[in-house]
Amino acid sequence: MWHPALISALLKLDFPLPLLRWIALWLKDRTMSIHVEETISPTININVGTPQGSVLAATLFRLHVHFLPNLFMNLTPHLFADNLAIIMFESLENKFSINIGLLEKQAKIAMSSLEIFANNNLLPVNVNKTKVLLVHNIVSRVARWKTKRSEFFIKIRKRSEIALGKSEVYQKDHVL
């Protein structure tokens, strides 16, 4: 996490200035070197990230990405640690081919917003871990299946309501 972007996010969250100063000092002037047996590398200044293993590090990262879900106003984003899931959906009333086109447009807009956020905050997106999962169900207007004792049916109404019914004998107009 890039320290200036973190401090900016904390300011937007109205963090108390004394606490903000303490965090800034905690992150300031950090260095690193690599030790292998008797050999020590030159010291390197660190301007990104937080001390590994620190309890505060995970909390600061979560605050750093606090505004990320706001980028996806018409979608349903879920954050867990550094993982982001974005749920996109369309109408049951549309044909499958139309929904695919609409979902593709939503995905392009979402990825463009994510790219801008990632670039502005120096937070790289791991493309190798990025996945798309399409969950769909193409159903006919009335689907039926039989069990030993009775017949179940699902009828999809025009207003995209789904009704589930059960009867001994299937009745076309009877939906519970």
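Annotations for the structure displayed:
- Full extension of the chain between HIS78 and GLU93 yields a length gain of 2.8 nm, computed as 0.36 nm times the residue separation minus the alpha carbon distance.
- Once the C-beta distance of HIS66 and ALA118 is scaled by a Förster radius of 22 Å, the resulting FRET efficiency is 0.90 to the nearest 0.05.
- Amide H partners (placed H, <5 Å) of LEU84, local residues excluded: none
- Label-to-label distance, nm, for residues given as GLN52 and ALA107 (7 Å Cα→Cβ offset): 3.5
- Calculated from backbone phi, Karplus (6.51, -1.76, 1.60) coupling profile of the range 116-127 in Hz, x at Gly/Pro: 5, 4, 4, 5, 5, 10, 6, 10, x, 9, 7, 4
- Model label points for VAL127 and ALA24, set 7 angstrom from Cα along the Cα-to-Cβ axis, are 3.6 nm apart.
Any read-out appearing in this document is the output of simple, stated calculations on the displayed coordinates, not a laboratory observation. Keep in mind the model is a prediction, meaning the values are calculated, not measured. Note that each Cβ is placed from the backbone with ideal geometry, even for glycine, and that neighbours are counted across all protein chains shown.
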